Amino acid sequence: MNKKFKKIFKATSYKDILEQIAAFPHVEKETVPLENCLDRVLAEDIESDIDLPDFKRSTVDGYAVQSNSTLDASRSVPACLNVVGTVAMSMPPDISVTPGNAARIPTGGMLPDGCDSVVMTEHTQLLDQATIEVLKSCIPLQNVTEIGEDVGKGRQVLTKGKRIKPPEMGLFAALGISMVPVFKQPVVAVISSGDEIVPVNTEPHLAQLRDVNGYLLMGMVRKAGGIPLYMGIVRDDFEEIFQRCRKALLQAEVVVLSGGCSIGTGDFSLEVIKAFPHSQLFAYGVSINPGKPTILGKIGTKAFWGLPGRTAAAMLTFFVMVRPLIEKMSGLSLEYRDTLHRLPAILCQNIGSARGRIDFICVKITHDSDQTYAHPILGKSKSIHTMVETDGIIKVDIDSEGLDSGTEVEVIML
């Protein structure tokens, strides 16, 4: 192996890895139909070119009035008003309201000329079809939404880099935006390596394993906002790994080689990175557990990850390092990244750690009355059971020697 690459086996800090993510560009923009924009990342600031609403409307069912006509009205001394008409939905009213008069109006109805407030039906009493008593006074603009009160014309309503959720889709609809500018989703090629790995539809012989990691990681890619591209299984052979990675780099922005940092394969991974022009090695080893031998390289503008082959270790490593990269490349702004739900809980077991590394511990959550508990799952990191039972992870900081049972911890929910 090239000495320049071999000497680099010095664990990079987790903090430095996250900073290296900034070296990777975000993907290009595209426009998609409104109905297809959910969970995509907005690629432009959105400014409203209209007022919402663009007319004064009622927020309740009741009667549109001039507020002065209800001055000092009460149940003991009600104000008597003449009903001059009814406001229809979806049409501008063809009536106006003068002092001493009122007009029936539904929720969302447009206020007639002359009105400045709406009396709720509950605060009136019907004397006959043409007369009401108002039992409570109202003030100007009571129960009224003004023009532009929701969104004013020219106002920036959404910022570039925000992930689109259902409320944003509703806002686009209100603004008449049927095609939404978004960042493309980064394509993430997933390759599984190992002489012992076989396809999922193959009956494994002794000492063989089905390709669990390939499908686990594809699911995590999709959940992180990327498009997974399954590139199959490669043997522990430099040429086979190189050719599969070369093919993957033609189609994807990120290549994830599961089992790509194990003894033997890790050396191949380094040589593969080195074999491509315009390549850089950012990390050969990261000061975290599990996942210490993780590899991160840059080939042109694209990312190459070598992850552990053990299933739970691959899952955790992806979650704490590859997921943030996908979010960054997706165009997600820093303020909107790492918005995972965090849950305070009481630790139910002592956890040992070693200074100089960050430990990520899988936990299962239980609830008792009004208290939440985190139960460490301390099985070996190759355990599929560990992966399935995990609700979240807790982080043991780099300067800590562990956590005591009974400590309040923050659980990052998966």
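The values are calculated or read from the model by the stated rules, or taken from the named source; none is laboratory data. Not measured: the values here are computed from a predicted model. Here Cβ is always computed from backbone atoms with ideal geometry, including for glycine, and neighbour counts include all displayed protein chains.
Would you say residue 281 is at pLDDT 90 or above, part of a strand (DSSP E or B) and not hydroxyl-bearing (Ser, Thr, Tyr)?
yes
Right, residue 398: outside the structural domain of residue 215 (by TED's automatic domain parsing), crowded, with 17+ Cβ neighbours inside 10 Å and not in a strand (DSSP E or B) or not?
Judged against the criteria, residue 398 is a match.
Please go through (1) over 28 Å from residue 413 (Cα atoms); (2) in a strand (DSSP E or B) for residue 269 and return the number of the only condition it doesn't satisfy.
All conditions pass for residue 269, except number (2).
Restricting the search to the range 284-324, which residues are under 16 Å from the mean Cα position of the chain (by Cα) and either farther than 13 Å from residue 217 by Cβ or small (Gly, Ala, Ser) (or both)?
Across the range 284-324, the qualifying residues are 320, 324.
If we scan the range 296-308, do we find a residue that is part of a loop (DSSP other than H, G, I, E, B) and crowded, with 23+ Cβ neighbours inside 10 Å?
Yes, the range 296-308 contains at least one residue that is part of a loop (DSSP other than H, G, I, E, B) and crowded, with 23+ Cβ neighbours inside 10 Å.
Give me a count of the residues in the range 348-379 that are exposed (fewer than 12 other Cβ atoms within 10 Å of the Cβ) and touching a residue at least 12 places away in the same chain (Cβ under 8 Å).
Number satisfying all stated conditions: 4.
Taking the range 176-214 as the search range and keeping residues that are among the charged types (D, E, K, R) and free of Cβ contacts under 8 Å to residues at least 24 places away in the same chain, which one is surrounded by the fewest Cβ atoms within 10 Å (Cβ to Cβ)?
Residue satisfying both the conditions and the ranking: 203.
Return only the number of the condition from (1) over 24 Å from the mean Cα position of the chain (by Cα); (2) among the β-branched types (Val, Ile, Thr); (3) farther than 29 Å from residue 240 by Cα; (4) not in a strand (DSSP E or B) that residue 346 does not satisfy.
Only one criterion in (1) over 24 Å from the mean Cα position of the chain (by Cα); (2) among the β-branched types (Val, Ile, Thr); (3) farther than 29 Å from residue 240 by Cα; (4) not in a strand (DSSP E or B) is unmet by residue 346, namely (4).
Determine, yes or no, whether residue 149 is surrounded by fewer than 15 Cβ atoms within 10 Å (Cβ to Cβ), of a type in the set (D, E, K, R) and either out of contact with any strand residue (DSSP E or B) (no Cβ under 9 Å at 6 or more places or on another chain) or closer than 30 Å to residue 42 by Cβ (or both).
Judged against the criteria, residue 149 is a match.
Which is modelled with pLDDT of 95 or more and either closer than 30 Å to residue 25 by Cβ or within 28 Å of the chain's Cα centre (by Cα) (or both), of 390, 366?
366
Given (1) under 14 Å from residue 79 (Cα atoms); (2) surrounded by fewer than 21 Cβ atoms within 10 Å (Cβ to Cβ); (3) out of contact with any helix residue (DSSP H, G or I) (no Cβ under 9 Å at 6 or more places or on another chain), where does residue 136 come up short, assuming only one miss?
(3)
Does residue 29 meet the test of being basic (Lys, Arg), on the phi < 0 side of the Ramachandran plot and buried (at least 18 other Cβ atoms within 10 Å of the Cβ)?
In short, no.
Checking the structure you have, find out if any residue of the range 157-177 is among the polar types (S, T, N, Q), over 19 Å from the mean Cα position of the chain (by Cα) and either under 13 Å from residue 258 (Cβ atoms) or modelled with pLDDT of 95 or more (or both).
no
Residue-wise test of (1) farther than 30 Å from residue 293 by Cβ; (2) modelled with pLDDT of 95 or more; (3) out of contact with any strand residue (DSSP E or B) (no Cβ under 7 Å at 6 or more places or on another chain); (4) outside any helix (DSSP H, G or I).
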site	(1), (2), (3), (4)
9	no, no, no, yes
20	no, no, no, no
27	no, yes, no, yes
32	yes, yes, no, yes
44	yes, yes, no, yes
60	yes, yes, no, yes
63	yes, yes, no, yes
84	yes, yes, no, yes
91	yes, no, yes, yes
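Please pick out the residue among 281, 217, 257 that is touching a residue at least 60 places away in the same chain (Cβ under 8 Å) and over 28 Å from the mean Cα position of the chain (by Cα).
Testing whether each residue is touching a residue at least 60 places away in the same chain (Cβ under 8 Å) and over 28 Å from the mean Cα position of the chain (by Cα) leaves just 281.
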